[in-house]
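The values are calculated or read from the model by the stated rules, or taken from the named source; none is laboratory data. Model, not experiment: these values are computed from the prediction. Cβ sites come from the backbone with ideal geometry, for glycine too, and all protein chains shown count toward neighbours. For accessibility, only protein heavy atoms count, side chains too; no ligands or nucleic acids. Shrake-Rupley method; radii C 1.70, N 1.55, O 1.52, S 1.80 Å.
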Amino acid sequence: DAGITQSPRHKVTETGTPVTLRCHQTENHRYMYWYRQDPGHGLRLIHYSYGVKDTDKGEVSDGYSVSRSKTEDFLLTLESATSSQTSVYFCAISEGGLGTIDTQYFGPGTRLTVL
Amino acid sequence: TQLLEQSPQFLSIQEGENLTVYCNSSSVFSSLQWYRQEPGEGPVLLVTVVTGGEVKKLKRLTFQFGDARKDSSLHITAAQTGDTGLYLCAGRRDSSYKLIFGSGTRLLVRP
């Protein structure tokens, strides 16, 4: 199994509060991704990183920001959580450089509930 | 609108039966992957197909990439209870590292 951990694994918070989710990898992979998973939508990309301090938006980036100050850590921040951000969040990593056959390895997920 | 449509959304079958899950799009993909996800865990890659018409077999699972690289199928022969899970297809367009996921097919294999 790829060495990917996510913290916390579960969180309940209130609308309007800031929330930060952490993804930590021990594989030294260049690419890191944050997805959210909701019923009927599969996995949707929020943000991704292609190196330290290099990030870009995915398809559902509004209301989210990310930071990557070290290769191994990728943080996802909800500046002011809303109920629509209740979801399961997955971090993924990949080596990159393999083009179309690049494999993404997923973490165990964080279940976030915004009341 | 989902770029990759999976069907059926839900499938409940008896152990030993065969089944096919479909992943369709109007767009061309440079590659397509199939993942399986169990409750409380992240998706795990099963296979990557890159060539139009390609067929790959993984024990009882057969994966096919359409000739036009717009669709794919997953066929399971003699399903087992351990096959229960959420099956996700995911495609890449051009040389992008970003994956586009389908909405998934939830499979339940009853003993």
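Surrounded by 15 or more Cβ atoms within 10 Å (Cβ to Cβ) and in contact (Cβ under 8 Å) with a residue 24 or more places away in the chain, is that true of residue A:60?
Yes: the conditions hold for residue A:60.
Taking the conditions exactly as written (within 10 Å of the chain's Cα centre (by Cα) and either under 20 Å from residue B:15 (Cα atoms) or open to solvent by less than 10 Å² (accessible area, probe 1.4 Å) (or both)), does residue B:88 satisfy them or not?
yes
If I filter the stretch B:64-85 down to residues being open to solvent by 40 Å² or more (accessible area, probe 1.4 Å) and in a strand (DSSP E or B), which single residue comes out as farthest from the other protein chains (Cβ to nearest Cβ)?
B:75
May I ask you to say which residue of A:77, A:5, A:100, A:15 is more than 26 Å from residue B:39 (Cα to Cα), at pLDDT 95 or above and either over 10 Å from the mean Cα position of the chain (by Cα) or not in a helix (DSSP H, G or I) (or both)?
Just a single option satisfies the conditions, and that option is A:15.
Given the condition closer than 24 Å to residue B:47 by Cβ, facing chain B (nearest Cβ under 9 Å), outside any loop (DSSP other than H, G, I, E, B) and without any contact (Cβ under 8 Å) to a residue 60 or more places away in the chain, answer yes or no: does some residue in the stretch A:105-113 qualify?
no
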